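Before any comments, here is the structure.
The values are calculated or read from the model by the stated rules, or taken from the named source; none is laboratory data. Note that the structure is a prediction, hence the values are computed from the model and not measured. Every residue, glycine among them, receives a Cβ derived from its backbone with ideal geometry; neighbour counts consider all protein chains shown.
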There are 2 protein chains.
Amino acid sequence: MPELNHIPTKEDIEINHKKIADYIHQTPVLTSTTLNTMFSSELFFKCENFQKAGSFKYRGAITSILNLDKQERKLGVATHSSGNHGQAIAKASQKLGVRATVIMPKNAPQVKVDAVKGYGAEVIFCENNLASRETTLKAHISRTGAIEIHPFNNYNVILGQSSCAKELIEQTQDLDVIIAPIGGGGLCSGTVLSSKNFGQGVTVIGAEPKLADDAYQSFEQQKLIPLASTNITADGLRTSLGTKTFDIIKTGVEDILTVKEETILIALKLVWERMKIIIEPSCAVPLAAVMENQGFFKNKKVGLILTGGNVDVKKVAHLIPE
Amino acid sequence: MPELNHIPTKEDIEINHKKIADYIHQTPVLTSTTLNTMFSSELFFKCENFQKAGSFKYRGAITSILNLDKQERKLGVATHSSGNHGQAIAKASQKLGVRATVIMPKNAPQVKVDAVKGYGAEVIFCENNLASRETTLKAHISRTGAIEIHPFNNYNVILGQSSCAKELIEQTQDLDVIIAPIGGGGLCSGTVLSSKNFGQGVTVIGAEPKLADDAYQSFEQQKLIPLASTNITADGLRTSLGTKTFDIIKTGVEDILTVKEETILIALKLVWERMKIIIEPSCAVPLAAVMENQGFFKNKKVGLILTGGNVDVKKVAHLIPE
């Protein structure tokens, strides 16, 4: 079966987490006395920047491919991605001996193309627009029969991502709230499902850049509103929600907070300099939400998911304010 | 008693480690499949960049101050340092309610001065040379009676630093060798003592930049040879060995390896980009030693101590090669 036909249940999540346990890192949860003091909260950072292939996306990728049957595995998998999902699919496929094809825009940074190829996947280039990506992907699939693995609007992917918040809940005690950044919503909807099923009262808050607030708008109006084209620091969040993820998020999150670009950069600097870890700009969004809402988070135990660390360190260091 | 009057014994190290356990972080040991594959070794990175005050120096600082008696604590502590030792002394003193004074050269980076002051210590400025540092420190001590805590040539400091390798040995299994960078030799001599007492056959290798190879020269000739002035990337290692540290190192290490500046920078890039953690250039020296001696380390289980992460991230990112 290529994909679950329903929203993952508690049992689905438990079974899958056991199934993927040997393939993923149970990433550490880091804390910082300095940041706790600074914001009068207890902050627990779930470090998916240390995950295999450098981001939480590996959880969804390995789940999707492990759940393919023998015949489907033979056909290979395909996706379009210029980011972490592509790397995750490439690495998970390599691990399981499945052929993978990643459609990438022809202007994708060489380092990202190299990473995908380095994991043994085939790269097919397309024009740098969604239409070209989808057409190229469809053409490849109809030619080869490859199984498409969508980066977020896929129940197996959501199932995989849910293991992240499940671990975070198990690694901490009495969390009040988990903040997950929202791009396409795969991580956030997985976080909603695990919090509901394992969290004993933990609520979920989504966080996104003010300049890419499609999830906030969709949540407020309770209908899916696509993201207009935007140029933001947190480039990993430049994606609209999907129907499946929005369906889970629209009633599952307590709130969606939007944050300013300046705050994202200060949060990024704090994590790099105080916590001594390399995160992508997108990962700084949950901490930025704490910074802009200190009254709300005061004295709370807050889980923050740091989604990934695949960056050109020189380029990102350049963004960090003095 | 301000300082042990003998080389720390197994019992000293065990007692002290229990005593300081609640004050320090038991820092994590990270591994990277990518780096293991790249160098055909099993590498275990002890992450003292996550230690309180951002470096292993906190272990020696808290040990030294905890071992002062009531009368001595009233007099306060003093040291000269423009680096991690100063921050560690300041933070440990603040924690224990002891007054601390740090002598710093007047051209010390503002960020370092701010860090020391931020932990509540007094800063006295001096000229930027060793004579002025020592004179200023002595004047302060004779005026106030403050207890000097030398950054490395002090048995309590060595005792504190030894807890780092003890933890690394306890957190891993069957290590063959631990590589410690050598500046003044406090960490390396502590590593020698813990490896001998707890390591079941683990050997210690010192690593230093070829351009600051005083430890290598001293080890080869079995006599203390001071470091000539030098300008190196790994600025934390721009220090000569002390009599007490050399005494332990000269027969305690298996070998001292020196590494090229170019290799240090490539190792730095690998740790930042592949392991997603921020380390100081000095920390890259042990990995550089593995890179330049792959035949020797092949198929071995190697512990590497990452000593600290107190950097201006923009400045260090600038050093990283494309």
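Points to keep in mind about this one:
- Hits in region B:35-55 - residues which are surrounded by fewer than 16 Cβ atoms within 10 Å (Cβ to Cβ) and assigned to a helix (DSSP H, G or I): B:36, B:37, B:38
- Residue selected from region B:274-310 under the condition of a type in the set (D, E, K, R), touching a Phe, Trp or Tyr at 6+ places or on another chain (Cβ under 9 Å) and over 22 Å from residue A:48 (Cα atoms), by the criterion farthest from the other protein chains (Cβ to nearest Cβ): B:298
- Selection count, region B:127-136, where residues are modelled with pLDDT under 95 and either of a type in the set (D, E, K, R) or buried (at least 19 other Cβ atoms within 10 Å of the Cβ) (or both): 3
- Meets criteria (closer than 27 Å to residue B:139 by Cβ and of a type outside the set (A, V, I, L, M)) for residue B:37: no
- Among the residues of region A:35-61, those identified as within 14 Å of chain B (Cβ to nearest Cβ) and aliphatic (A, V, I, L, M) are A:35, A:38, A:53.
- Some residue of region A:275-283 being crowded, with 17+ Cβ neighbours inside 10 Å, touching a residue at least 60 places away in the same chain (Cβ under 8 Å) and touching a Cys at 6+ places or on another chain (Cβ under 8 Å): yes
- Here B:201, B:190, B:183 are screened, and the one residue that is part of a loop (DSSP other than H, G, I, E, B) and buried (at least 24 other Cβ atoms within 10 Å of the Cβ) is B:183.
- Residue B:71 meets each of the listed conditions (1) closer than 18 Å to residue B:4 by Cα; (2) within 20 Å of the chain's Cα centre (by Cα) apart from (2).
- Search result, residues across region B:59-76 that are hydrophobic (A, V, I, L, M, F, W, C), within 21 Å of residue B:145 (Cβ to Cβ) and part of a helix (DSSP H, G or I): B:61, B:65, B:66, B:75
- Members of region B:293-312 that are surrounded by 20 or more Cβ atoms within 10 Å (Cβ to Cβ) and either within 22 Å of the chain's Cα centre (by Cα) or over 18 Å from residue B:202 (Cβ atoms) (or both): B:302, B:303, B:304, B:305, B:306, B:307, B:308, B:309, B:310, B:311
Yes/no matrix, rows are residues, columns are (1) in a loop (DSSP other than H, G, I, E, B); (2) under 22 Å from residue A:58 (Cβ atoms):
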site	(1), (2)
A:114	no, yes
A:128	yes, no
A:131	no, no
A:135	no, no
A:139	no, no
A:152	yes, yes
A:169	no, yes
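- Residue match in region A:77-84 (condition: assigned to a loop (DSSP other than H, G, I, E, B), touching a Gly at 6+ places or on another chain (Cβ under 8 Å), within 14 Å of chain B (Cβ to nearest Cβ) and crowded, with 24+ Cβ neighbours inside 10 Å): no
- Each residue in region B:204-239 was checked for being in a loop (DSSP other than H, G, I, E, B) and touching a residue at least 24 places away in the same chain (Cβ under 8 Å), and 7 pass.
- Hey, residue B:250 modelled with pLDDT of 95 or more and over 19 Å from residue B:178 (Cα atoms) or not: no
- Given (1) in contact (Cβ under 8 Å) with a residue 40 or more places away in the chain; (2) over 24 Å from residue B:162 (Cβ atoms); (3) surrounded by fewer than 21 Cβ atoms within 10 Å (Cβ to Cβ); (4) away from every other protein chain (no Cβ under 14 Å), index of the condition residue B:67 fails: (2)
- Among the residues of region A:19-50, those that are over 30 Å from residue A:296 (Cα atoms), of a type outside the set (Ser, Thr, Tyr) and in contact with a helix residue (DSSP H, G or I) (Cβ under 7 Å, 6 or more places away or on another chain) comprise A:19, A:20, A:24, A:25.
- When residue A:225 is tested against (1) away from chain B (no Cβ under 14 Å); (2) modelled with pLDDT of 95 or more, just one condition goes unmet, and that condition is (2).
- Residue list for region B:85-108, restricted to those being assigned to a loop (DSSP other than H, G, I, E, B) and more than 21 Å from residue B:134 (Cβ to Cβ): B:97, B:98
- Qualifying position, being small (Gly, Ala, Ser) and more than 15 Å from the chain's Cα centre (by Cα), among B:229, B:194, B:162: B:229
- Within region A:15-27, tally of residues that are free of Cβ contacts under 8 Å to residues at least 40 places away in the same chain and loosely packed, with under 15 Cβ neighbours inside 10 Å: 4
- Only one of the numbered conditions (1) modelled with pLDDT under 95; (2) surrounded by fewer than 18 Cβ atoms within 10 Å (Cβ to Cβ); (3) within 14 Å of chain B (Cβ to nearest Cβ) is not met by residue A:230, and that is (3).
- Scan of region B:1-34 for residues that are within 14 Å of another protein chain (Cβ to nearest Cβ) and assigned to a loop (DSSP other than H, G, I, E, B), ordered by number: B:22, B:23, B:24, B:25, B:26, B:27, B:28, B:31, B:32
- Residue match in region A:147-155 (condition: over 23 Å from residue A:187 (Cβ atoms), buried (at least 16 other Cβ atoms within 10 Å of the Cβ) and not aromatic (Phe, Trp, Tyr)): no
This table checks each residue for (1) of a type outside the set (D, E, K, R); (2) at pLDDT below 95; (3) under 21 Å from residue B:270 (Cβ atoms).
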{"position": "B:28", "(1), (2), (3)": "yes, yes, yes"}
{"position": "B:34", "(1), (2), (3)": "yes, yes, yes"}
{"position": "B:38", "(1), (2), (3)": "yes, no, yes"}
{"position": "B:41", "(1), (2), (3)": "yes, no, yes"}
{"position": "B:47", "(1), (2), (3)": "yes, no, yes"}
{"position": "B:57", "(1), (2), (3)": "no, no, no"}
{"position": "B:61", "(1), (2), (3)": "yes, no, no"}
{"position": "B:66", "(1), (2), (3)": "yes, no, no"}
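- Test for residue B:271: is it buried (at least 16 other Cβ atoms within 10 Å of the Cβ), within 14 Å of another protein chain (Cβ to nearest Cβ) and over 25 Å from residue B:171 (Cβ atoms): no
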